[in-house]
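Scroll down for the structure; my scribbles are underneath it.
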Amino acid sequence: MPAYKKTARQEQLGNTQIRIPARNGDITIGAGNCTIIAGPCSVESRDKYLEVAMLIKDMGVDILRGGAYKPRTSPYSFAGLEEEGLKILAEARDLTGLPVVTEVMDPRELDKVTYYCDMIQIGSRNMQNFALLKEVGRAQKPVVLKRGLAATVEEWLLACEYILNAGNEKVILCERGIRTFEKMMRNTVDIAAVALVKELSHLPVLVDPSHGTGIRSLVAPVSRAAIAAGADGLMIEVHQNPDQALSDGEQSLTPEMFSSLAKDIRKIEQLKVS
Ligand code: PEP
Ligand code: MN
């Protein structure tokens, strides 16, 4: 038995399916379908967030994303609207009927995040923040655990184990690219890790081609590759005006680009489930 006991495939028969209740119909992740999480990197303002949510809500998105607490490399960059951002996410959920996911960076903010949102994200930079992992392990909401920017697959699965071991079995793993010697892309998307983690674990695996590549034109081809490799879903950044985005504009799709990608993904999904 591997050290990541509860995360390991040997732990149970079949794949874990994670259900997220929603007014428009519950979302199930890991049932052989492709779950699409989409939205801007950050919640920038109420008007902008509700506008983009309304633009994409009928384009094939299952779950809306948006950061209210942003981990930024520079302390001078826009770091999110914090609780105001969470309230905007909750308003978008009420408006669209879609569930919302957002990142939590600090255990002190966890209660607020779980109060307003349907799913919690642990970002790459916090993959080994063990105090935070244990705390989300005590939460009731599903958790998206992103792979650390320099984490091995085993370290990622052991980080996941912290959450399961603390009592929360609703974890979705997310490959978001790792740091390599390659400099032309923001990160190197480890597609093989998707297939590997599907072998090693019973939990669902997503791919984030936006942070994985950092380049808008690469998001669609890498999304298709992710699904072909067995991913259970995608996390994609979309902005109504990417050039004006306060974070990650260069990797954000326009709603039109997202619509065409989501249509392709739904076609590939049919091949996968049939
Ligand atoms: C994000 O999803 O906005 C984000 C910051 O992702 P990561 O933690 O993968 O960099
Ligand atoms: Mn981002």
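All of the numbers you see were taken from the coordinates with simple rules; none came from a lab. Only a predicted model underlies this, so the values are computations on that prediction, with no experimental measurement involved. With ideal geometry, Cβ positions are generated from the backbone for all residues, glycine too; neighbour counts draw on all protein chains shown.
Structure values in brief
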| item | result |
| --- | --- |
| Single residue of Lys48, Lys70 found to be basic (Lys, Arg), out of contact with any helix residue (DSSP H, G or I) (no Cβ under 8 Å at 6 or more places or on another chain) and either within 15 Å of ligand 1 (Cβ to nearest atom) or free of Cβ contacts under 8 Å to residues at least 24 places away in the same chain (or both) | Lys70 |
| Residues of region 122-139 that turn out to be of a type in the set (Lys, Arg) and within 16 Å of ligand 1 (Cβ to nearest atom), as a count | 1 |
| Verdict on Leu234 being in contact with a Phe, Trp or Tyr (Cβ under 7 Å, 6 or more places away or on another chain) and within 16 Å of ligand 2 (Cβ to nearest atom) | no |
| All positions within region 243-274 that are crowded, with 20+ Cβ neighbours inside 10 Å, within 16 Å of ligand 1 (Cβ to nearest atom) and assigned to a helix (DSSP H, G or I) | Gln251, Phe258 |
| Unmet requirement for Ser77, which otherwise passes all of (1) more than 17 Å from the chain's Cα centre (by Cα); (2) in contact (Cβ under 8 Å) with a residue 12 or more places away in the chain; (3) surrounded by 15 or more Cβ atoms within 10 Å (Cβ to Cβ); (4) part of a loop (DSSP other than H, G, I, E, B) | (3) |
| Candidate set: region 140-156, residues that are under 26 Å from Phe181 (Cβ atoms) and surrounded by fewer than 24 Cβ atoms within 10 Å (Cβ to Cβ); chosen: the one farthest from ligand 1 (Cβ to nearest atom) | Glu154 |
| Residue identified as over 29 Å from Met257 (Cβ atoms), assigned to a strand (DSSP E or B) and away from ligand 2 (no atom under 16 Å from the Cβ) among Arg19, Arg108 | Arg19 |
| Hits in region 208-224 (condition: outside any helix (DSSP H, G or I) and more than 14 Å from ligand 1 (Cβ to nearest atom)) | Ile215 |
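Residues checked against (1) hydrophobic (A, V, I, L, M, F, W, C); (2) in a loop (DSSP other than H, G, I, E, B):
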{"position": "Asn24", "(1), (2)": "no, yes"}
{"position": "Thr28", "(1), (2)": "no, no"}
{"position": "Gly32", "(1), (2)": "no, yes"}
{"position": "Ile36", "(1), (2)": "yes, no"}
{"position": "Glu44", "(1), (2)": "no, yes"}
{"position": "Leu50", "(1), (2)": "yes, no"}
{"position": "Ala53", "(1), (2)": "yes, no"}
{"position": "Met59", "(1), (2)": "yes, yes"}
{"position": "Pro71", "(1), (2)": "no, yes"}
